[in-house]
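I have placed the structure first, in the form of structure tokens, so that the comments after it can refer back to it.
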Amino acid sequence: MAAVSGEVPIKSFSTIHLYYDDTYQFSCRGNVLGIYETQFNGEERSIVVLDQTVMHPQGGGQSTDIGTISSPDGNIKFEVSHVQKPRDTNYIEHIGTFTTDERLIVGQEVTVEINSGRRCTNARIHSAGHLLDSAFINLGITNLVPSKGYHFPDGPYVEYIGDIPAEKREEVINLLNIESERLIKESIGVVVSVNERNEREVNVGGVSCMCGGTHVKNTAEIKGLKVSKIKKSKKNVRVSYTVL
């Protein structure tokens, strides 16, 4: 059930999440379900909802995709600066601005294109964070429970419930870097599956966890990972890293 332009979309909207199937699909066709106006970060913006999209919304510790939504002839263009999935819904909101006088309308077919460089960077950073889980287990450090991750380019990290004694942290950093390098060189395939509870799981380097993010095809595509710091963060231990 599609709303007319200007109406707030209802929860019956549904967007097919094409980014679940292929990290490296950078474009797709879609149809407009709804268009409406909003305030985003204190500025007037438009939101476009489609029946399917390759754009990954911000969330789960991963930064938003950006890109464009255009009419097939290119005469209408919408610059997407942020993508989000409202809580308890199944539709994706593309937030941005029209750069042409003419605007899209409900029911219109469109072409969606993402910034491929940003997508690949996000995937490498996110997969690198998961690879650390495998590195810890392979090193025999099994007392840490993954808690949350921040897989943004500006200072990614993973937090674990538990602790690493301060006097051991430099040694663990060195061991993690050695083990991560080994896992990357082995080019281990990244496996995405759906469990019996219909939850999406991602296995990077041999360890699985629930995840809705975009990931590389194999560990070699991470290219390089360097753990830079381990510190206490409230009740957790935070492991900061960069991709090389």
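The values are calculated or read from the model by the stated rules, or taken from the named source; none is laboratory data. Treat the numbers as computed from the prediction; the structure is a model and nothing was measured. With ideal geometry, Cβ positions are generated from the backbone for all residues, glycine too; neighbour counts draw on all protein chains shown.
Yes/no per residue for (1) within 18 Å of the chain's Cα centre (by Cα); (2) assigned by TED's automatic domain parsing to the domain that holds G61; (3) among the charged types (D, E, K, R); (4) not in a strand (DSSP E or B):
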{"site": "N203", "(1), (2), (3), (4)": "yes, no, no, no"}
{"site": "S208", "(1), (2), (3), (4)": "yes, no, no, no"}
{"site": "G212", "(1), (2), (3), (4)": "yes, no, no, yes"}
{"site": "H215", "(1), (2), (3), (4)": "yes, no, no, yes"}
{"site": "A220", "(1), (2), (3), (4)": "no, no, no, yes"}
{"site": "V227", "(1), (2), (3), (4)": "no, no, no, no"}
{"site": "K231", "(1), (2), (3), (4)": "no, no, yes, no"}
{"site": "R238", "(1), (2), (3), (4)": "no, no, yes, no"}
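Anything in segment 23-62 that is touching a Ser or Thr at 6+ places or on another chain (Cβ under 9 Å) and in a loop (DSSP other than H, G, I, E, B)? List them, or say none. The answer is T23, Y24, F26, D51, V54, M55, H56, P57, Q58.
Of the residues examined, S187 is not one that is at pLDDT below 95 and within 30 Å of T53 (Cα to Cα).
Scanning segment 199-244 for residues that are farther than 19 Å from L175 by Cβ, surrounded by fewer than 20 Cβ atoms within 10 Å (Cβ to Cβ), of a type in the set (A, V, I, L, M, F, W, C) and in contact with a strand residue (DSSP E or B) (Cβ under 7 Å, 6 or more places away or on another chain) turns up C209, M210.
Can you pull out the residues in segment 127-174 that are among the charged types (D, E, K, R) and not in a loop (DSSP other than H, G, I, E, B)? Within segment 127-174, D133, K148, E159, E167, K168, R169, E170, E171 meet the criteria.
Reported count of residues in segment 118-158, each being aliphatic (A, V, I, L, M), surrounded by fewer than 16 Cβ atoms within 10 Å (Cβ to Cβ) and in contact with a helix residue (DSSP H, G or I) (Cβ under 7 Å, 6 or more places away or on another chain), is 1. Taken as a whole, segment 159-177 holds no residue that is within 21 Å of Q58 (Cα to Cα), of a type outside the set (D, E) and crowded, with 17+ Cβ neighbours inside 10 Å.
Taking the numbered list (1) without any contact (Cβ under 8 Å) to a residue 24 or more places away in the chain; (2) loosely packed, with under 13 Cβ neighbours inside 10 Å; (3) polar (S, T, N, Q) in turn, S187 passes all entries but (1). Among the residues of segment 178-201 satisfying the criterion of being β-branched (V, I, T) and assigned to a loop (DSSP other than H, G, I, E, B), which is farthest from G60 (Cα to Cα)? If we take residues in segment 178-201 being β-branched (V, I, T) and assigned to a loop (DSSP other than H, G, I, E, B), then I188 is farthest from G60 (Cα to Cα). Of everything listed in (1) over 25 Å from H94 (Cα atoms); (2) not assigned by TED's automatic domain parsing to the domain that holds V237, the single unmet condition for I173 is (2).
Taking the criterion of being without any contact (Cβ under 8 Å) to a residue 40 or more places away in the chain and of a type in the set (S, T, N, Q), the residues of segment 194-219 that qualify are N195, N198, N203, S208, N218.
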